[in-house]
Every structure is written in C-alpha cells, then in structure tokens.
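Working notes, beginning with the structure itself.
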C-alpha cells in the first residue's frame with residue numbers, strides 16, 4: 001500500500017544552516033517514527049513558506065546515506081494571510097503495510113499548531 005507521511009516544522013531565521021538543521025531533524029524523526037527505508041519511498045515533496053528563501057530544504061535529505069535516488073521536489077506554499085510563518089512541510093509517499101491510523105505524522109516546533117490532533121508525542 002502507498003501512504004503519505006506528513007511532517008512540518010518551523011524555524012526562527014531565514015538562514016541556510018538553520019533551515020537545513022531543522023529539515024534534517026524533521027526527516028530523522030519521520031524516519032524513526034515510521035521505520036522508513038529509502039528504497040520504499042516513491043517521492044518526497046517539500047514546501048516552504050514565502051519567507052524562507054535561503055536554501056532548498058531538499059539539501060538536508062541529500063546528505064542522508066541511501067537517499068540518493070529518491071526523487072525530491074521543493075516548492076513554495078500558497079501565501080495565505082495569517083498562516084504559520086517560516087514553516088517547512090514534508091510529504092513522503094511511502095510503500096508500507098501500515099494502516100492509515102498507524103502512520104505517525106510529525107509536527108515540530110510551532111508547526112504543532114497545524115495539526116494538534118496529530119501532534120501527540
């Protein structure tokens with residue numbers, strides 16, 4: 001079965017190292033909570049809010065061993081007024097035997113506000 005696994009986090013600054021560190025932390029937590037293996041990932045879509053322009057968050061994924069051939073795409077979120085600022089979102093499309101209710105979506109930092117119902121640690 002193919003499932004989507006969501007993740008999101010926020011940063012305080014529009015700086016490359018800050019964005020990459022936060023993205024890497026988010027990716028590692030998504031992998032850990034869902035036992036994700038790169039060979040089971042069809043694609044990864046990453047978005048950032050319009051206030052994050054210092055780097056592509058996909059660079060963080062590219063540093064992980066085994067993820068070289070996983071297709072990754074970055075794009076900008078729709079700039080909805082009053083939406084969460086400095087936010088990085090990830091959608092992984094993964095082959096898994098887990099039921100939807102057993103998928104662990106990961107929301108860190110201020111991003112817990114996006115889905116408080118799924119942000120239980």
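Overview of results
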read-out: Neighbour-count order for 69, 107, fewest beta carbons within 10 angstrom listed first; value: 69, 107
read-out: Relative contact order for the chain, counting Cα pairs under 8 Å that sit 6 or more residues apart, in percent; value: 42
read-out: Descending Cα extents along the principal axes, segment 2-116, whole Å; value: 37, 30, 20
read-out: Nearest-ten-degree value, helix 16-34 long axis tilted from longest Cα axis of the chain; value: 30
read-out: Packing-based exposure ordering (other Cβ within 10 Å, fewest first) of 74, 87; value: 74, 87
read-out: Theoretical ellipticity at 222 nm over the chain - DSSP helices of four or more residues, -39500 (n - 2.57) apiece, nearest 500; value: -6000 deg cm²/dmol
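The numbers here are math on the coordinates, done by the rules we state, and not lab data. In this text the structure is predicted, and so the values were computed from the model without any measurement. All Cβ positions, even for glycine, are placed from backbone atoms using ideal geometry, and neighbour counts span all protein chains on display.
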